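Asker: Would you mind keeping the following structure in view while I ask a few things?
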Amino acid sequence: MKGGQSQMGSAQVTSESTTALLRELVAHLRQNRTQLREEWARRITEAKLLTAMTKEEVFAEATSVYDNYVEALETGTFEALQAYARNLSERIIPRGVQTDEVVGIVLLLRDVLARSLFARYHADFEKLNRILDAYEPAANRIAITVAVGFVQERERTIRDQQEAIRELSTPVLQVRERLLILPIIGVIDPQRARQLTEQLLRGIRTNRARVVVIDITGVAAMDSNVANHLVLTVEASRLLGATVIVTGLSPEIAQTLVNIGVDLTKMNTVGDLQGGIEEAERLLGYKVIPVTETENPA
Amino acid sequence: MEVPILKQGPYLIASVQSALTDADLLQLRDALVEKVGRFRSRGVIVDVTAMDVMDSFASRMLRDIAHMIRLRGADTVIVGIQPEVAFAMVQLGLTLEGVATALDLEEGLSFLDQKMKKVGGEVRTRGR
């Protein structure tokens, strides 16, 4: 089979010969499945990739990746492989597998298979060339598909987590009738600042709040954009008829606010959250009296 | 569209029903300033719940109304500014400085009641 084919002209039979070559290639990979798979798993371990997984797991995954790989080569369609890559990523991302590891193992498989092709066709250089012509583009596409699938899955996970953190991060709490507190902890980026404002203004409306205490003890520093946004939020709240008291300003934030030239007549600030709530109660006409005092009216 | 102005005890309530043109705003200003004197009102409430846009002219006009009514001896409260409108306004620098605001009509009325009480208290102290 070697001799006859290599002497045939090559120009007129490009596309159907590519499919024929791929078919031959797939047959070869199926035949040597066990051996190539083992070789691949061995090289993965050698290269210290996928260290988060046990040897058995690596071998099991290697087997299914191998089969999917061969199938993608055979059919030339990548949907099944894409779905598999996403599914695989979903399973291994929580175990701390890195992008370079995934790309690494796919490239290793590519190398292992290329080596086996060399070994098989080394006697017939022209045939080897044509086989590689058929194999390389397909193999590269597979590598890209798997890597992109992994990265996309990872990005999706990150997006989901960001969303979850964002939802958790800005509670608007009612402590008394007409009094809301908004404790802010952590870094405020422009997007979080926008969300914060939205939630606060909506909260003022739904809870019919008259005083709001924004506590920023947990915010170490903010840039002038965010500080400006905070000032806008305070003014917008006033337009809704609510007084805002800002508490817990760190020295750095105080400096930022002074540097951007905030009109301090528009901002009520109190040292800490307790002071802020006391001030708010005063504004609302509440008075907190210890039980003992009310029980002994002397 | 002309804004209806209702008399409610010592207060006047102007309830904006739709988007206002500049001419409507001028008309509202003139009517309110005139009626405050005629009815000897102590407070004015302008309800803007129905306004979903507030441009610089409208907010300047509201501020002018409040200041003119102050000079005529009454207090003004702007009520019902929507959250989105409020934030858009402050972003444009339209903060209605020096003008009282409240969440809705009810809050506006209680704000004016409070203010009246304070004034009333002063009068009594002096009489004693």
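Asker: Is there a simple number for the mean count of other chain Cβ atoms within 10 Å of the Cβ of residues in A:228-238, and what is it? Walk me through the numbers on the way to the answer.
Answerer: Values: counts 1, 3, 0, 2, 7, 3, 2, 10, 11, 5, 9.
Whole-number average of other-chain Cβ neighbours for A:228-238 is 5.
Asker: At R0 = 25 Å, how high is the FRET efficiency between B:Glu106 and A:Ala254 if r is their beta carbon distance? Nearest 0.05 is fine. Walk me through the numbers on the way to the answer.
Answerer: Numbers: r = 37 Å, r/R0 = 1.49.
The computed FRET efficiency comes out at 0.10.
Asker: Also: Provide the net charge surrounding A:Ala143, with neighbours chosen by a C-beta distance below 14 Å and charges set as Lys +1, Arg +1, Asp -1, Glu -1.
Answerer: Value of the local net charge: -2.
Asker: If you put +1 on each Lys and Arg Cβ and -1 on each Asp and Glu Cβ, how big is the dipole of the protein assembly as shown around its Cα centre, in Debye rounded to 20?
Answerer: 1020
Asker: Using a cut-off of 28 Å between alpha-carbon atoms, which lysines can reach A:Lys127, once sequence neighbours fewer than 8 places away in the same chain are excluded?
Answerer: A:Lys127 reaches A:Lys2.
Asker: Next question. Mind checking the dipole of region A:173-295: about its Cα centre, +1 per Lys or Arg Cβ, -1 per Asp or Glu Cβ, Debye to the nearest 20?
Answerer: Here the size comes out at about 560 debye.
Asker: Can I ask one more? By counting other Cβ atoms within 10 Å of each Cβ, how are A:Arg166, A:Arg130 ranked from fewest to most? It would help to have the intermediate numbers written out before the result.
Answerer: Values: A:Arg166 14, A:Arg130 19.
The order, fewest Cβ neighbours first, is A:Arg166, A:Arg130.
Asker: Expressed in nm to one decimal, what extension gain is obtained for the pair A:Gln191 and A:Ala83 from 0.36 nm per residue of sequence separation less their Cα-Cα distance?
Answerer: Gain in length upon complete extension: 35.6 nm.
Asker: Which FRET efficiency value, to the nearest 0.05, do you get for A:Ala27 and A:Glu163 by plugging their Cβ-Cβ distance into 1/(1 + (r/R0)^6) with R0 = 60 Å?
Answerer: Efficiency computed from Cβ-Cβ geometry: 0.80.
Asker: Please list, or write none, the aspartates and glutamates whose alpha carbon is within less than 15 Å of the alpha carbon of A:Lys287, excluding same-chain residues fewer than 8 places away.
Answerer: By straight Cα distance, A:Lys287 reaches A:Glu177, A:Glu278, A:Glu279.
Asker: So, one more: Taking other Cβ within 10 Å of each residue's Cβ, how do A:His229, A:His28, A:His122 sort, fewest first?
Answerer: Working: A:His229 22, A:His28 18, A:His122 10.
With the sparsest Cβ surroundings first, the list reads A:His122, A:His28, A:His229.
Asker: Once whole DSSP H runs in chain A are found, which of them have Cα atoms spread over 18 Å or more along the helix axis and a mean Kyte-Doolittle score of at least 0.5?
Answerer: Working: long enough: A:15-31 (24 Å, -0.16); A:33-46 (19 Å, -1.73); A:55-75 (30 Å, -0.41); A:79-92 (20 Å, -0.54); A:99-121 (33 Å, 0.85); A:125-169 (64 Å, -0.42); A:190-207 (25 Å, -1.18); A:224-239 (23 Å, 0.44).
Qualifying helices, which must be both long enough and hydrophobic enough, are A:99-121.
Asker: What list do you get for A:Ser250, B:Ser41, A:Ser237 if you sort them by fewest beta carbons within 10 Å?
Answerer: With the fewest neighbours first, A:Ser250, B:Ser41, A:Ser237 line up as A:Ser250, B:Ser41, A:Ser237.
Asker: Among A:Asn225, A:Tyr135, A:Ile277, pick out the residue whose Cα is farthest towards the positive end of the charge dipole of chain A, where Lys and Arg carry +1 and Asp and Glu carry -1 on C-beta, about the Cα centre.
Answerer: A:Tyr135
Asker: Hey, another quick one. For A:Glu90 and A:Arg141, what does the FRET efficiency come to when R0 = 22 Å and r is the distance between their Cβ atoms, rounded to the nearest 0.05? Don't jump to the answer; show the numbers that get you there.
Answerer: Values: r = 22 Å, r/R0 = 0.99.
After rounding to 0.05, the efficiency reads 0.50.
Asker: For A:Ile289 and A:Arg176, compute 0.36 nm times the residue count separating them, minus their Cα-Cα distance, and round to one decimal in nm. The partial results should precede the final answer.
Answerer: Details: separation 113, 0.36 × 113 = 40.68 nm, distance 1.53 nm.
That pair, A:Ile289 and A:Arg176, stretches by 39.2 nm at full extension.
Asker: Here's a follow-up. Extension gain A:Ser116-A:Ala220, at 0.36 nm per residue separation less the Cα-Cα distance, in nm?
Answerer: Contour length minus the Cα-Cα distance gives 31.5 nm.
Asker: Hey, got the dipole for region B:5-127? About the Cα centre, +1 on K and R Cβ, -1 on D and E Cβ, debye to the nearest 20?
Answerer: Result for region B:5-127 is approximately 920 debye, rounded to the nearest 20.
Bear in mind that the values in this text are calculations on the coordinates, not laboratory data. Model, not experiment: these values are computed from the prediction. Note: ideal-geometry Cβ built from the backbone for every residue, glycine included; neighbour counts use all protein chains shown.
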